[in-house]
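Just below is one structure, and these are the notes that go with it.
Only the coordinates and a few stated rules stand behind these numbers; no lab work does. None of these values were measured; they are calculated from a predicted model. All Cβ positions, glycine included, derive from the backbone under ideal geometry; neighbour counts span all protein chains shown.
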Amino acid sequence: MAKNELYSHGDFTGQDLTSHDVEGFNDTEIVGSCFFQPNSPRSNVFPSGITGVTFVKCNLDNCVIPEGCTLEKSTNLHIKAIDGVDCVVDESEEKLDTLDHYLSVAFWRDV
């Protein structure tokens, strides 16, 4: 799979890429980029219809992952501030855990 030079190793925090050309994504590997959407769980960030994209070591927190795309060593948490505290939330944006606690448990689990 070809590495996507345009979207690899970039900071796309808070950006909406839905109007970008689908062909600029399809069947490529995106490496080391941040697509985080601050305090907007389940944001549609990518163009409709992209497929075959592998995201490697990317921050995709708060992003909807298009069907037919895969993640490798990437994050895809859904985070929302609730009462001034960053929390991991479920599909209905209900609090599952504080982000700090979630990350500390994940760290120690992987040691």
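If both residues of a DSSP beta bridge must be in the chain, then about 35% of such bridges are antiparallel.
Using only the alpha-carbon atoms, how far is helix 99-110 inclined from the longest principal axis of the chain? Give it as 0 to 90 degrees, nearest 10. It works out to around 80 degrees.
Between the C-alpha center of segment 57-111 and that of segment 11-50 there is a gap of 17 Å. Label point of Leu6 set 7 angstrom out along Cα-Cβ; within segment 21-51, amide nitrogens under 19 Å from it belong to 21-36, 45-51. Just one of (1) 47, 21, 20; (2) 40, 32, 22; (3) 83, 28, 16 is Cα extents along the principal axes in Å as worked out from the coordinates here. Which one is it? The value computed from this structure is option (2).
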